[in-house]
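What follows is one structure encoded as structure tokens, with my remarks underneath.
The values are calculated or read from the model by the stated rules, or taken from the named source; none is laboratory data. These numbers were taken from a predicted model, which means no experiment stands behind them. So basically every Cβ, Gly included, is an ideal-geometry build from the backbone, and we count neighbours across all protein chains shown. Areas reflect the complete protein model, heavy atoms only, side chains present, ligands, DNA and RNA absent. Shrake-Rupley method; radii C 1.70, N 1.55, O 1.52, S 1.80 Å.
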Amino acid sequence: EISACLVGSEMCIRDRLQERSLLSRLGDVANTIYLLYMPLPSTQSQHGHESRILPLDTVLTSLEQSSSLTRAESRSCLGKLETLVPGWLEVCTLQSKTWLRLHTDPATGRTLRDVRSKIRTALATYRS
């Protein structure tokens, strides 16, 4: 078992490998999410910001089917995307149902291209 910790406050090797594995899946996950939302009608603000919403369970099921992820892995990927690209995805509860909202806004760096770029940047830190 690789559980030896590195010097100082750095993550354990095992944790770094798990993080790298998660990051390596995010490109496909982001693409799947984006494609899942695109046929939906959106609300658009005067500043170019668009928002679309789906039940969280629908998104998780789609990720499981298209990416061969477990439900827990799918949730972890969504959480990581929320951290890497704040505001692109938003989990919200409406009428006691959990939804996932996708926000796109070129002015604030919330396009699929921006998401992919942030994933590549995060992944590059684990390749060095």
Study note, to complete from the structure: Taking only protein heavy atoms and a 1.4 Å probe, the highest-to-lowest accessible-area order of Lys80, Lys97 is Lys97, Lys80
Check your understanding: Separation between the Leu94 and Asp57 pseudo-spin-labels, each 7 Å from Cα along Cα→Cβ, expressed in nm?
Key -> 1.7 nm
**Study point:** Area of Tyr37 that stays accessible when all protein chains are in place (1.4 Å probe, Å², to 10)
**Key:** 0 Å²
Check your understanding: For the pair Arg116 and Ile13, how long in nm is the line joining their label points, each one 7 Å along Cα→Cβ?
Key -> 3.4 nm
Review point. If amide H atoms are built 1.01 Å from N in the plane of the peptide, which residues on other chains or at least 5 residues away come under 5 Å of the amide H of Val91?
Key: Arg101
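On a 1.4 Å probe surface of the protein chains, which of Asp105, Asp114 comes out largest in accessible area, and what is the full order? Working shown, then result.
Values: Asp105 15, Asp114 45 Å².
The residues order as Asp114, Asp105, largest area first.
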**Study point:** Exposure ranking of Glu82, Glu50 by accessible area [1.4 Å probe, largest first]
**Key:** Glu82, Glu50
